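The values are calculated or read from the model by the stated rules, or taken from the named source; none is laboratory data. Everything numeric in this text was worked out from a predicted model, so none of it was measured. Neighbour counts run over all protein chains shown; Cβ positions are idealised from the backbone, glycine included. When the accessible area is computed, the model is the full protein with side chains, heavy atoms only, and any ligands, DNA or RNA have been set aside. Shrake-Rupley method; radii C 1.70, N 1.55, O 1.52, S 1.80 Å.
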Amino acid sequence: MENILLLIISWYLWIIQTFLVGKQNRYRFVLSLFLLAIISFYPLDWSFMQVTIKPVFILFFAGGFLCLCDQTSLNKWKIFFMSISFAYLFAALRLTEWYEPVIFLFGHLLTYIICFTFIFFLFFHSFKERLACAIIASCSGEIIYQLHILPFTSVLNVGEVFFLNYLITLIAALYSLELFHKLITMINNVASPPRSNLPG
């Protein structure tokens, strides 16, 4: 199940993006293509010397920076510096697995998803900002973590199954919360029409 979690979530996101998102959305085609690339390249591994890297990891990292490019100049720097901070936080939590495994009593994946979904919702206002920071911070944090444990493992394994499952689940969680927020906003707008139409 662990090995196919990324594929399952990616397929669900691809179906939503391809068939349910409005045609006027300018990111519809690009995101559908990106998700298909993730699904296609997931089984591949690149190995050289002491480094093993999954091309999917590179795709995610590049996708995070593409999301960053879509921001205003001021937002770009804000997200970039926040991403560096959260990268160290992510790496610290990953290293905690080695020393304090008891904090993951309710499961590693669930603990990461709850912590970081809450953090990104707390610090950012729009979905694009959250997505850019989530991907860049997580991927950077994973590289920092892998570099720290390299002396113990002797292999730099960038794009472990657990990390990729965490990242796609985090993206799905942020996307689901964004859709839920839009739904609540739409219901509120329908339930309470503008007062300007009422007689004075």
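Aspartates and glutamates near residue 76 by alpha-carbon distance under 13 Å, same-chain residues fewer than 8 away left out - which ones?
129
On a 0 to 90° scale, report how tilted helix 28-41 is relative to the longest principal axis of the chain, with both axes built from alpha carbons and the result rounded to the nearest 10.
That helix lies at roughly 20 degrees to the long axis.
Hey, can you grab everything whose amide H is under 5 Å from the amide H of residue 156? Only 5+ residues off in sequence or another chain; H modelled, so Pro and N-termini drop out.
HN-HN under 5 Å from residue 156: 51, 52.
Placing unit charges on C-beta atoms (Lys and Arg positive, Asp and Glu negative, everything else neutral), compute the dipole magnitude of the chain about its Cα centre in debye, rounded to 20. Please report the intermediate quantities before stating the final value.
Values: 11 positive and 9 negative charges, 173 e Å.
Computed charge dipole of the chain: roughly 840 debye.
So, with a 1.4 angstrom probe, what is the percent of accessible area on the chain that is carbon and sulfur?
Values: 8710 of 11990 Å².
Percent of accessible area from carbon and sulfur atoms in the chain: 73.
Which of the listed residues, 66, 170, 9, is farthest toward the dipole's positive end in the range 4-182, when Lys, Arg count +1 and Asp, Glu count -1 at the beta-carbon?
With unit charges placed on the Cβ atoms, the residue in question is 66.
Compute a Gaussian network model of the chain, connecting alpha carbons closer than 10 Å, and tell me which residue from 165, 189, 75 fluctuates the most.
So, out of 165, 189, 75, the one fluctuating most is 189.
Excluding same-chain residues fewer than 8 positions from residue 128, which aspartates and glutamates have a Cα within less than 14 Å of its Cα?
Candidates past the 8-residue exclusion: 70, 178.
Against the longest alpha carbon principal axis of the chain, how many degrees, from 0 to 90 and to the nearest 10, is the axis of helix 5-15 turned?
The angle comes out near 30 degrees.
How high is the relative contact order of the range 4-182, in percent, counting Cα pairs under 8 Å that sit 6 or more residues apart? Present the calculation step by step, with values, prior to reporting the outcome.
Numbers: 173 pairs, mean separation 54.3, N = 179.
In percent, rounded to a whole number, it is 30.
Ignoring everything except DSSP H segments at least 4 long, calculate the 222 nm mean residue ellipticity for the chain; use -39,500 (n - 2.57) per segment, divide by total residues, nearest 500.
Values: 7 runs with 141 residues, N = 200.
Estimated from H runs of four or more residues: -24500 deg cm²/dmol.
If you fit an axis through the alpha-carbon atoms of helix 161-191 and take the longest principal axis of the Cα set of the chain, what angle between them do you get, 0 to 90°, nearest 10?
Result, in degrees: 10.
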